[in-house]
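Undergrad: Before we start, here is the structure in question, set down as structure tokens.
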């Protein structure tokens, strides 16, 4: 009898029968949900992670608003808060995406990725579940940041609809960056390397931008680099929406950047995942 046959007289499949992966979009969504909720449950059981994730952006708000705010005047904005808080929102969600790479590197180091690869499930669900769960965690941190921003004097001068659009744009950008971090987490050999590789390039990207000061105050060569920085483009877009200013083409460029980064790095991440541990 073959290994995939039935046991004589029992009608049951042999214990050595190979698993078959359930097919169809419903099973894919179920696998994504199972993997995503696993990460969310782990986050709830480790509240220290959320606390420290929220403390860093709060410190940035206090530092820039109360230490530098009195010395920086931005034409066209009622207060420095109206200019800088949207930039800190953008920085917060981008920095928050680093947890994706760190979490994936930790799962790989512990051998958990190998266990998931052996299960009868859609393999892309492992990465999709991780990224959407980290997006929800990023959204939670953003809510805290919005409350802090309102406390220090930031106001939604562009109205509720524009503010919702700005928030969705920020979260779409955060989701795109989670895929960059997923690729990094799959490419490095340790959690420590994922932590370093995930953050080291984000600091120049966020500070050489319009997040904290106008690019007009920078040396011309640096201003040119800042103006083509995708982080500057999305920051300008959400700042204009929150403040009710003309947005120009920044919103459309931000959407294209978010879609492009998601498409490219999700494809790279899926390919890297398939080749990992083989």
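Values in this text are rule-based calculations from the coordinates and carry no lab data. None of the values given here were measured: they were computed from a predicted structure. Heads up, the Cβs are rebuilt from the backbone with ideal geometry, glycines too, and the neighbour counts pull from every protein chain shown.
Undergrad: List 59, 218 from most exposed to least, where exposure is judged by having the fewest other Cβ atoms within 10 Å.
TA: 59, 218
Undergrad: Going by C-beta contacts inside 10 Å, put 252, 33, 183 in order with the fewest on the left.
TA: Details: 252 12, 33 15, 183 24.
Final ranking by Cβ density, sparse to dense: 252, 33, 183.
Undergrad: Between region 79-128 and region 138-191, what is the separation of their alpha carbon centroids in Å?
TA: 12
Undergrad: Rounded to the nearest 500 deg cm²/dmol, what is the calculated helix-only ellipticity per residue at 222 nm for the chain, with -39500 (n - 2.57) per DSSP H run of length n ≥ 4?
TA: Here the helix-only value at 222 nm equals -23000 deg cm²/dmol.
Undergrad: Fewest first, what order do 45, 155, 239 take by the number of other Cβ atoms within 10 Å?
TA: 45, 155, 239
Undergrad: Something else now. Taking a quarter of the surface of the convex hull around the Cα atoms of region 136-278, what do you get in nm²?
TA: 10.1
Undergrad: Which value, in nm² and rounded to one decimal, describes the direction-averaged projected area of the C-alpha convex hull of region 115-193?
TA: With every direction weighted equally, the projected area is 7.4 nm².
Undergrad: Against the longest principal axis of the chain, how steep is helix 47-62, in degrees 0 to 90 to the nearest 10, with axes from Cα atoms?
TA: So the inclination is approximately 20 degrees.
Undergrad: Also: Normalised by the empirical 2.2 N^0.38 Å for globular proteins, what value does the Cα Rg of region 25-275 take? Kindly include the intermediate steps, with their values, before the conclusion.
TA: Working: Rg = 18.6 Å, N = 251, 2.2 N^0.38 = 18.0 Å.
For region 25-275, the normalised Cα radius of gyration comes out at 1.04.
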